[in-house]
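The values are calculated or read from the model by the stated rules, or taken from the named source; none is laboratory data. Everything numeric here is computed off the predicted structure, so don't read it as measured data. With ideal geometry, Cβ positions are generated from the backbone for all residues, glycine too; neighbour counts draw on all protein chains shown. Each accessible area value is taken on the protein alone, full model and side chains, heavy atoms only, with ligands, DNA and RNA left out. Shrake-Rupley method; radii C 1.70, N 1.55, O 1.52, S 1.80 Å.
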Amino acid sequence: KSLLLKTIAGLIVPLSGGVQFENTPTVAFPPKDRAKNIAWLAQDRHAAWALSVRELVCLGRAPYRGKLGRLSREGEQAVDAAMAETQCLDLQHRQFDQLSGGEQARVLLARALAVNAPLLLADEPTASLDPYYQLSIMQALKAQTQAGKTAIASLHDLALAKQFCDRIWVLHDGHLLADDTPQNALRRDIIAQAFHVEFCATGQIKALA
């Protein structure tokens, strides 16, 4: 799933076929144009430098900075809006590396949202998070789609996928098993084939031999 997202983002050149965004192959985008049009939220939750939360979120505006590196008023507003959307305005003066895992996840999402790109790619954005932060992240991603943008996320949590996604791709061994609405893509037979589990009448999940 990570390879697929990186291919969509134009970070990996596929051996065959291709991905187009706005009628242009994503691998053909100049780096700055790609950074403006495609926001990338990676699995890794760390910062290379000791930065405050606001400084880190401001990195999302890097493609728009002028020669002096200053943010425009529009850029500052985009940063404020992104932090408000992810509920981390109250964290903006704290050091990123001193935050909890859930707080870091929200801040990194804010950095991606600050780009204000029409396409947002999120690789396992809810992994290893408490339920509150999982819902918070998914609600923020859903809000982006309701605002007319496209968000594509890789998820292992089928309940979250069913609750928040409009369309689901089910991948298994490099093949696409389903591309449909949650109700159709997460049928019992598809889940059994992809994950080797089945849902019992009692609501329990049983591993298949």
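Please verify whether segment 59-79 includes one or more residues that are of a type in the set (V, I, T) and part of a loop (DSSP other than H, G, I, E, B).
No - not one qualifying residue is present in segment 59-79.
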**Report entry** Residues of segment 1-19 that turn out to be open to solvent by 60 Å² or more (accessible area, probe 1.4 Å) and under 19 Å from the mean Cα position of the chain (by Cα), as a count
**Finding:** 5
Query raised in the report: Just checking, how many residues over segment 119-164 are open to solvent by 40 Å² or more (accessible area, probe 1.4 Å) and polar (S, T, N, Q)?
Result: 6
Report task. Pairs only if they're at least six apart or on different chains, beta carbon under 8 angstrom, first in segment 138-154 and in contact (Cβ under 8 Å) with a residue 40 or more places away in the chain and of a type outside the set (A, V, I, L, M), second outside any loop (DSSP other than H, G, I, E, B) and open to solvent by 30 Å² or more (accessible area, probe 1.4 Å); list them, first residue then second. Result -> S154/S2; S154/L4
Report summary line: Checked segment 157-184 for anything free of Cβ contacts under 8 Å to residues at least 12 places away in the same chain and among the charged types (D, E, K, R); matches are D173
Report task. Kindly check whether there is at least one residue in segment 13-27 that is more than 30 Å from H172 (Cβ to Cβ) and among the hydrophobic types (A, V, I, L, M, F, W, C). Result -> no
**Report entry** Counted residues, segment 63-77 - those being loosely packed, with under 12 Cβ neighbours inside 10 Å and under 13 Å from A114 (Cβ atoms)
**Finding:** 1
Report summary line: Note on segment 90-102: residues farther than 24 Å from T150 by Cα and surrounded by fewer than 21 Cβ atoms within 10 Å (Cβ to Cβ) are D90, Q92, H93, R94, Q95, D97, Q98, L99, S100, G101
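If you check Q43 against the conditions, is it under 15 Å from the mean Cα position of the chain (by Cα), at pLDDT below 95, under 24 Å from A143 (Cβ atoms) and open to solvent by 60 Å² or more (accessible area, probe 1.4 Å)?
Numbers: under 15 Å from the mean Cα position of the chain (by Cα): yes; at pLDDT below 95: yes; under 24 Å from A143 (Cβ atoms): yes; open to solvent by 60 Å² or more (accessible area, probe 1.4 Å): yes.
Yes: the conditions hold for Q43.
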Query raised in the report: Is it fair to say I190 is farther than 23 Å from P118 by Cβ and surrounded by 15 or more Cβ atoms within 10 Å (Cβ to Cβ)?
Result: yes
Report task. Could you please find all residues in segment 152-196 being closer than 22 Å to L120 by Cβ and of a type in the set (S, T, N, Q)? Result -> S154, Q163, T181
Report task. Output the number of residues of segment 1-42 satisfying the condition of being in a loop (DSSP other than H, G, I, E, B) and of a type in the set (D, E). Result -> 1
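Being in contact (Cβ under 8 Å) with a residue 60 or more places away in the chain, of a type in the set (A, V, I, L, M) and within 29 Å of Y132 (Cα to Cα), is that true of even one residue in segment 42-52?
Yes, segment 42-52 has at least one match.
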Report summary line: Output for Cβ contacts, cut-off 6 Å, separation at least six or different chains, first residue within 11 Å of L113 (Cα to Cα) in segment 78-94, second of a type in the set (A, V, I, L, M, F, W, C) and surrounded by fewer than 19 Cβ atoms within 10 Å (Cβ to Cβ), reads M83/L89
Query raised in the report: Among the numbered criteria (1) basic (K, R); (2) in a helix (DSSP H, G or I); (3) open to solvent by 50 Å² or more (accessible area, probe 1.4 Å), which single criterion is violated by R106?
Result: (3)
